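The values are calculated or read from the model by the stated rules, or taken from the named source; none is laboratory data. Since this is a predicted model, take the numbers as computed values, not measurements. Here the Cβ positions follow ideal geometry from the backbone for every residue, glycine too, while neighbour counts run over all protein chains shown.
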Amino acid sequence: MNNGLTVATLIFVSAISPGPNNLLVLNESATQGVRAALAITAGIVAGGIVMLCMARIGLSAAIAELPRMHHAVVVLGSAYLAFLGVKLFWNTNRASTANVGDADVRTAFGMFGFQFFNPKAWVLAITSVGIWRSPNDAAQTPFLLLLVMFAVISCCSLLLWIVFGHWLRDVVTSPRARVLFDRCLGGLLVASAGLFLMKQI
C-alpha cells in the first residue's frame, strides 16, 4: 500500500466516522436544511486545508509537542464543543433563522475556527502530512495533491451525513420530535467534549 492510499484511507475513516463535525453537519441538515449544512461543510474542509498547510511547514507538530499549548487546544476545543452541546440541548427557539444567508456565513466561519481547537483534526493533519512526506516515498508526490484529496474525500464523506440529515428532516417535523432530536445530539456533543478531556488527563 503506497503512501497516497494510506493517507486517503486515513482521511476517509476520520471524515466518515461519527465525531463533532459529523454530528453538527447532521443536525444542521436535519433542522436548517441542506444549504446550512453545506455552509458548515465548507468551513470544516477549509479549516482542514489550512491545518494541513500548517502541518506541512511544521507549525502543527510544534504545537502538539508543547504540552501547555496542546493542553490549551484540547481544553478550549472541549469547552466550545460542550457549549454547543448545551446550547443545542436547551435550545427553545426552534424556528428557522430569519436571515438564513447571514446565519450560514456565521456558521461556516464558526466551524472553520473550531477546527483549530479540534484535537481529532490536529491528529489527522499531523499524521497525514507525516505519512505523505515519508522518506520511503521515492515518488515525492506533490503536496497540492494531498490538499485536493483531503477536500474531495472530506466533502464526499460529509455529504453522506447531509443526506442522512435530510432524510431525518421528515422524521423531526413535530416540535416534540425536534426537541428530542436536538437534545440527543446536544448530549452526544457534550459526551464528545468529555472524551476529549479524559484523553488529555
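Please pick out the residue among Leu168, Leu188 that is modelled with pLDDT of 80 or more, farther than 25 Å from Gly77 by Cα, of a type outside the set (S, T, N, Q) and part of a helix (DSSP H, G or I). Of Leu168, Leu188, the one residue that is modelled with pLDDT of 80 or more, farther than 25 Å from Gly77 by Cα, of a type outside the set (S, T, N, Q) and part of a helix (DSSP H, G or I) is Leu168.
I need the full set of residues from the range 1-36 which are closer than 24 Å to Trp132 by Cβ, part of a loop (DSSP other than H, G, I, E, B) and in contact (Cβ under 8 Å) with a residue 60 or more places away in the chain, in order please. Correct list: Asn2, Gly19. Looking at the range 171-185, which of the residues that are of a type in the set (A, V, I, L, M) and outside any helix (DSSP H, G or I) is surrounded by the most Cβ atoms within 10 Å (Cβ to Cβ)? Taking the candidates together, the pick is Val172.
Looking across the range 16-35, just one residue is closer than 16 Å to Leu84 by Cα and of a type in the set (D, E, K, R), and that is Glu28.
Could you check how many residues of the range 1-19 are closer than 13 Å to Met111 by Cβ and at pLDDT 85 or above? Working first, answer last.
Initial filter on the range 1-19 (closer than 13 Å to Met111 by Cβ): 19.
Restricting the remaining residues to those that are at pLDDT 85 or above gives none.
Total meeting the criteria: 0.
Residues that are outside any helix (DSSP H, G or I) and either on the phi > 0 side of the Ramachandran plot or at pLDDT 80 or above (or both) within the range 44-68 comprise Ile57, Gly58, listed in sequence order.
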